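For reference, the structure is listed below as structure tokens.
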Amino acid sequence: MPFWGLQKQLGIDVDSWLVRQSMPQPYSQAGVCHAFEREWVECGHGLGQIRARRECQLEYEDFMEC
């Protein structure tokens, strides 16, 4: 985690498109499935694709069900 948000200070958006519901929402309310998507992304962060598919299957299924 950076000490300051350089992208925010410069007004650029490089990586928020990676997460479907991370973009600004109408009326500043998060999407219905945002919590499930966030859990899935946090689970798989730093594991690698193959290991994350195996270990985060439950979070992914919850996200897809939502």
Solvent exposure, largest accessible area first (probe 1.4 Å, DNA, RNA and ligands not counted), of 63, 36: 36, 63
Simple SL model, points at 7 angstrom along Cα→Cβ for residue 41 and residue 53; separation in nm is 2.2 nm
Counting Lys +1, Arg +1, Asp -1, Glu -1, what net charge surrounds residue 45 among other residues with beta carbon under 12 Å of its beta carbon? -2
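The values are calculated or read from the model by the stated rules, or taken from the named source; none is laboratory data. Only a predicted model underlies this, so the values are computations on that prediction, with no experimental measurement involved. Neighbour counts are summed over all protein chains in view; Cβ atoms, including those assigned to glycine, are modelled from backbone coordinates with ideal geometry. Heads up: the accessible areas ignore ligands, DNA and RNA and are worked out on the full protein's heavy atoms, side chains in. Shrake-Rupley method; radii C 1.70, N 1.55, O 1.52, S 1.80 Å.
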